[in-house]
Amino acid sequence: MAKTNETKQPQKPVAPSVAKAPSKTVRPHTLSILVQNKFGTLSRVAGLFSGRGFNIQTLNVAPTQNPKISHMTVTLSGDNSLDQAIKQLSKLVEVLEVLDLQEGDYTERELVLVKIACDVKSRAEVMQFCEIFRGRVIDVQHRALIIEMTGSSEKIQKFLELLSTYKILELVRSGRLALARNEEPAKAHTSHI
């Protein structure tokens, strides 16, 4: 076999890619978890899932109307038994309530901020895309726009696929936020911790 002298070209920087959403047949589990708002709780919950072979796809944590309680929305994928992980999670002292939202009716939203390279000529078209998807332009620079949009994960993904014809400079997604649609508040919200 003859040896060839190939010179390697330096690679150009690549714009952030828009990852494909998981196929609809393998929907990740969304858990709603109420926890005591204490130091170290997040690491214990995350460690429990990773130690059992689950991948945390999205994770959101914020205080609730009771500053002593935080609400975690966790989106997981994995082949292991989620029931066993939920039982282990419920045994943690800081965990007040765990709901697997796949088992009931729930509503979800996600937030995306995306900065795209955009000149004056293409600005009107981008703004029209935003209007169709009910997004909004929140910052305008000479050669870039920052767009904010909320919606289901699937809607966000479709919007990003449409925008991929433009140069995406930066992209940040909040991950899934979800609440059960029942009329009762979670038990932990009414407790006096």
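For the range 76-100, the set of residues classified as modelled with pLDDT of 90 or more and either assigned by TED's automatic domain parsing to the domain that holds S152 or among the polar types (S, T, N, Q) (or both) consists of S90 only.
For V112, state whether it is touching a residue at least 60 places away in the same chain (Cβ under 8 Å) and under 18 Å from the mean Cα position of the chain (by Cα). Can you show your working first?
Details: touching a residue at least 60 places away in the same chain (Cβ under 8 Å): yes; under 18 Å from the mean Cα position of the chain (by Cα): yes.
So V112 passes the test.
Taking the criterion of being surrounded by 15 or more Cβ atoms within 10 Å (Cβ to Cβ) and part of a strand (DSSP E or B), the residues of the range 165-182 that qualify are I168, L169, L171, R173, L177, A178, L179, A180.
In the range 132-164, what count of residues is obtained for those that are of a type outside the set (A, V, I, L, M, F, W, C), free of Cβ contacts under 8 Å to residues at least 40 places away in the same chain and surrounded by 18 or more Cβ atoms within 10 Å (Cβ to Cβ)?
So in the range 132-164, the residues of a type outside the set (A, V, I, L, M, F, W, C) come out as 134-136, 139, 141-143, 148, 150-155, 157-158, 161, 164.
Remaining after also requiring free of Cβ contacts under 8 Å to residues at least 40 places away in the same chain: 134-136, 139, 141-143, 148, 155, 158.
Going one step further and asking which of them are surrounded by 18 or more Cβ atoms within 10 Å (Cβ to Cβ), we end up with 135.
Going through the range 132-164 one residue at a time, the tally reaches 1.
Checking the stated criteria, K158 turns out not to satisfy the condition of being under 28 Å from V74 (Cβ atoms), charged (D, E, K, R), not assigned by TED's automatic domain parsing to the domain that holds M72 and not in a helix (DSSP H, G or I). Mind checking which pairs have a first residue in the range 166-193 that is under 14 Å from E97 (Cα atoms) and a second that is outside any strand (DSSP E or B) and modelled with pLDDT of 90 or more, Cβ under 8 Å, 6 or more apart or different chains? Every condition considered, the pairs that remain are H189/T64; H189/Q65; H189/N66; I193/N66; I193/K68. Here H192 meets the list (1) modelled with pLDDT of 95 or more; (2) part of a loop (DSSP other than H, G, I, E, B) almost entirely, failing just condition (1).
Please go through the range 53-89 and pick out each residue that is part of a strand (DSSP E or B), closer than 13 Å to N37 by Cα and without any contact (Cβ under 8 Å) to a residue 60 or more places away in the chain. Lay out the reasoning, then the answer.
First pass over the range 53-89, keeping only residues part of a strand (DSSP E or B): 55-63, 69-77.
From the residues that got through so far, the ones that are closer than 13 Å to N37 by Cα too are 61-63, 69-72.
The answer is V61, A62, P63, S70, H71, M72.
The values are calculated or read from the model by the stated rules, or taken from the named source; none is laboratory data. Worth saying up front: this structure is predicted, and the values here are computed from it rather than measured. Cβ atoms come from the backbone with ideal geometry, glycine included; neighbour counts cover every protein chain shown.
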